[in-house]
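Participant: My questions will all concern the structure given below.
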Amino acid sequence: MTVSLFDQFMSPTYLGIPLLALALTLPWIFFPSPTSRWLNNRLLTLQAWFINRFTQQILTPLSLGGHKWALILTSLMVFLITLNILGLLPYTFTPTTQLSLNLALAFPLWLATVLIGLRNQPTAALGHLLPEGTPTPLIPVLVIIETISLLIRPLALGVRLTANLTAGHLLMQLTSTAAFVLLSMMPAVAILTTILLFLLTLLEVAVAMIQAYVFVLLLSLYLQENV
Amino acid sequence: MPQLNPAPWLAIMVFSWLTFLIILPPKVMAHLFPNEPALQSTQESKADTWNWPWL
């Protein structure tokens, strides 16, 4: 029974078209290319404001070498937040529930930050493996621990996003199924379950935005260490 | 867990990076912010008094 609850996350195909392709290409219709007008419409102004503010926020703690990453970090934020939020609509597919997608994004970007650090400032990058002020006998153990925590970062990034979104969607499916089934037998309980579903949906909206932000923020932090 | 099914993994990875690299940066870059921030001048400009012109 539990197996069928995860069916909503199978890469769906419809009439032979993998819906993942649609879910990855169609959301960008919501981002029209701005014209060269001085004053754009409301949607474009909002998006421009968001892009501007977000870039400023993310680049403030980064040194100048990290500013080359502005475009890719902002694009990543727009990518993730759009996919997450659109996935909350009924009958949509959220590509970010796929571990493959999240790992595909997290692993190369994390690796890029590590390689940049090792190439430009190898001593400082390796120095991050030993926290300041550790007692001498603990040094070997701590280096091993820090190396493991470094290597686990891309996995953590990918799995965090996947797990949060998968769990949220699964909870929504469970509570909505429960509310629907209870409607005929115990309407009062069904109403309570519907209220729970409503609150859960609000939570999921917040989680969708927060998780996208956390992903990009952590990447910028990894970049900060290495640039 | 169907997400762990390895069959579409490569396709998903390739396709997601393709959209991420090809579609998004032009849309982000297309937003232009033509208001150059005004540089702070070292000299304070003398404040001109202003009064209602019809008085």
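Every number in this text was worked out from the coordinates using simple rules, so none of it is lab data. Since we're looking at a predicted model, the values are computed, not measured. Methodologically, a virtual Cβ is constructed for each residue, glycine included, from the backbone with ideal geometry; neighbour enumeration extends over all protein chains shown.
Participant: Fully extended, how many nm does the chain gain between A:Leu203 and A:Arg42 (0.36 nm per residue separation, minus their Cα-Cα distance)? Intermediate results must be reported in sequence, preceding the final value.
Facilitator: Numbers: separation 161, 0.36 × 161 = 57.96 nm, distance 2.66 nm.
So the chain would gain 55.3 nm between A:Leu203 and A:Arg42.
Participant: Considering every residue in A:93-106, what mean count of other chain Cβ atoms within 10 Å of its Cβ is obtained? Walk me through the numbers before you get to the answer.
Facilitator: Details: counts 0, 0, 4, 1, 2, 9, 5, 12, 8, 3, 3, 9, 4, 0.
Taking all residues of A:93-106 together, the mean is 4.
Participant: Please compute the net charge surrounding A:Thr74, taking Lys and Arg as +1 and Asp and Glu as -1 over other residues with Cβ under 13 Å from its Cβ. Mind showing how you got there, number by number?
Facilitator: Numbers: positive: A:Arg53, A:Lys68, B:Lys27; negative: none.
Result for the neighbourhood of A:Thr74: +3.
Participant: Which whole-angstrom value gives the distance between the alpha carbon centres of the stretch A:49-76 and the stretch A:81-137?
Facilitator: 16
Participant: Do the sum for the protein assembly as shown: with -39,500 (n - 2.57) for every DSSP H run of n ≥ 4, divided by all residues, what is the mean residue ellipticity at 222 nm, to the nearest 500 deg cm²/dmol?
Facilitator: Numbers: 10 runs with 181 residues, N = 282.
Taken over the protein assembly as shown, the calculation gives -22000 deg cm²/dmol.
Participant: Also, quick follow-up: For the protein assembly as shown, count the residues as N, evaluate 2.2 N^0.38 Å, and divide the Cα radius of gyration by that value, please.
Facilitator: My calculation over the Cα atoms of the protein assembly as shown gives 1.28.
Participant: Can you list which of the DSSP-assigned H helices in chain A have a Cα extent of 30 Å or more along the long axis and an average Kyte-Doolittle score of at least 1.0? Numbers along the way, then the final one.
Facilitator: Values: long enough: A:99-120 (31 Å, 1.43); A:139-185 (64 Å, 1.44); A:187-226 (57 Å, 1.80).
Once both thresholds are applied, what remains is A:99-120, A:139-185, A:187-226.
Participant: If you consider only alpha-carbon coordinates, what radius of gyration and Dmax does the stretch A:152-227 have, in Å?
Facilitator: Every Cα atom of the stretch A:152-227 included, Rg and Dmax give 17.5, 61 Å.
Participant: For the stretch A:1-100, what is Rg from Cα atoms divided by 2.2 N^0.38 Å, rounded to two decimals? Don't skip to the answer; put the middle values down first.
Facilitator: Details: Rg = 17.3 Å, N = 100, 2.2 N^0.38 = 12.7 Å.
The value comes to 1.37.
Participant: Using Cα pairs under 8 angstrom and six or more residues apart, how large is the relative contact order of chain A, in percent? Provide the component values of the computation, followed by the final result.
Facilitator: Details: 191 pairs, mean separation 63.5, N = 227.
Relative contact order of chain A: 28 percent.
Participant: Another question, then. Taking chymotrypsin sites (Phe, Trp or Tyr not before Pro) that fall in a DSSP loop and have at most 10 other Cβ atoms within 10 Å as cut points, what is the longest piece of chain A between them? Numbers along the way, then the final one.
Facilitator: On the way: sites that count: A:Trp38, A:Tyr91.
The segment A:92-227 is the longest one with no such site.
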